[in-house]
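> For reference, the structure I am asking about is given below.
Any read-out appearing in this document is the output of simple, stated calculations on the displayed coordinates, not a laboratory observation. From a predicted model like this one, the values you see are computed outputs, not experimental measurements. Cβ: placed from backbone, ideal geometry, glycine included. Neighbour counts: every protein chain shown.
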Amino acid sequence: MKIYLVSTLLLGVLIISSCKKDAEPVVEIKDADGNVYHEIKIGTQTWLLENLRTTKFRNGDAIPNVTDFTQWKNSSTAAYCNFNNDASVTAKEGRLYNWFAVTDSRGICPPGYHIPTREEWQTLRDYLGGESVAGGKMKSTGEEYWTGNTGATNESGFTGIGAGVRNTALYADQDFQHRKTLGLMWSSTGIEPPGNVNAAWYFHLQYNMAQGSLSFLEKTCGISVRCIKD
């Protein structure tokens with residue numbers, strides 16, 4: 001009887017040890033500020049689960065925080081801001097960056113990650129069923145980050161949010177716009193001549209549709225960033 005009990009106990013220990021060994025570790029990724037992110041695999045790609053919120057380049061250099069709209073609009077160098085210049089929203093929603101920040105050679109994504117190209121956004125969209133439905137599969141559910149939320153299932157786990165835009169294109173006098181109605185995220189791909197070389201491609205999510213689309217925006221606009229694994 002004693003031998004049987006010892007054997008049973010040893011078997012239990014081996015089973016527990018095996019389970020612990022096989023468990024997937026939680027991967028935490030840190031930017032230059034020490035902010036923590038998590039990753040999610042979607043198809044053949046691995047994305048960060050949260051919008052970027054760093055205030056530094058990868059080498060530790062500060063990214064300028066430009067609060068004045070005129071200065072922001074006229075800038076042709078890297079800059080970031082908080083929506084409405086309110087830092088309290090950034091922990092959950094991330095910061096907004098101009099295109100010059102996301103393409104700066106010093107890099108703003110954590111090590112091992114980069115700004116997605118237009119083609120990498122297309123790959124994600126196509127994997128999720130195409131433009132007409134991909135957005136719904138990428139949007140967070142409920143109305144914490146959206147005012148109304150048509151077609152949102154977050155089936156992919158991407159958890160896209162409506163973090164808004166600092167708009168230097170249309171209605172520029174309004175500065176910050178569309179929080180909880182638009183989720184816009186940069187690509188690293190600019191528009192080539194003879195197109196508008198002052199614009200670049202971005203991915204577009206919207207509160208009232210399931211569509212996930214690619215479009216282009218002035219490089220001086222401030223929008224969100226999602227990083228993709230190298």
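> Does any residue of the range 59-74 turn out to be without any contact (Cβ under 8 Å) to a residue 24 or more places away in the chain and of a type in the set (D, E)?
Yes.
> For the range 113-121, indicate whether the set of residues that are surrounded by 14 or more Cβ atoms within 10 Å (Cβ to Cβ), among the acidic types (D, E) and touching a helix residue (DSSP H, G or I) at 6+ places or on another chain (Cβ under 7 Å) is non-empty.
Scanning the range 113-121 turns up no residue that is surrounded by 14 or more Cβ atoms within 10 Å (Cβ to Cβ), among the acidic types (D, E) and touching a helix residue (DSSP H, G or I) at 6+ places or on another chain (Cβ under 7 Å).
> Report the residue count in the range 47-92 for those that are aliphatic (A, V, I, L, M) and in a helix (DSSP H, G or I).
3
> Select from the range 132-149 the residues that are surrounded by 19 or more Cβ atoms within 10 Å (Cβ to Cβ) and hydrophobic (A, V, I, L, M, F, W, C) and list them in ascending order.
Residues satisfying the conditions are A134, M138, W146.
> Restricting attention to the range 93-113, which residues are in a helix (DSSP H, G or I) and either farther than 22 Å from T159 by Cα or without any contact (Cβ under 8 Å) to a residue 40 or more places away in the chain (or both)?
If the condition is that a residue be in a helix (DSSP H, G or I) and either farther than 22 Å from T159 by Cα or without any contact (Cβ under 8 Å) to a residue 40 or more places away in the chain (or both), then W99, F100, A101 are the ones that fit.
> List the residue pairs whose Cβ atoms are under 8 Å apart, where the first residue sits in the range 145-158 and is closer than 20 Å to V89 by Cβ, the second is in a loop (DSSP other than H, G, I, E, B) and of a type in the set (D, E), and the two are 6 or more positions apart or on different chains.
Listed by first residue and then by second, the contacts come to N149/E143.
> Name the single residue that is nearest to E119 (Cα to Cα) among those in the range 180-208 being among the aliphatic types (A, V, I, L, M) and surrounded by fewer than 17 Cβ atoms within 10 Å (Cβ to Cβ).
Filtering first and then ranking leaves I191.
> Hey, another quick one. Taking interchain pairs and intrachain pairs at least six residues apart, which have beta carbon atoms under 6 angstrom, with the first residue in the range 191-202 and in contact (Cβ under 8 Å) with a residue 60 or more places away in the chain and under 13 Å from T220 (Cβ atoms) and the second surrounded by 14 or more Cβ atoms within 10 Å (Cβ to Cβ) and not hydroxyl-bearing (S, T, Y)?
A200/W99; A200/G190; A200/K219
> Taking the range 74-131, which residues are of a type in the set (K, R) and over 16 Å from D230 (Cα atoms)?
K92, R95, R125
> Can you tell me how many residues in the range 156-178 are under 27 Å from Y127 (Cα atoms) and buried (at least 16 other Cβ atoms within 10 Å of the Cβ)?
9
> Let me ask something else. Which members of the range 32-46 meet the condition of being assigned to a loop (DSSP other than H, G, I, E, B) and surrounded by fewer than 16 Cβ atoms within 10 Å (Cβ to Cβ)?
Those that are assigned to a loop (DSSP other than H, G, I, E, B) and surrounded by fewer than 16 Cβ atoms within 10 Å (Cβ to Cβ): D33, G34, G43, T44.
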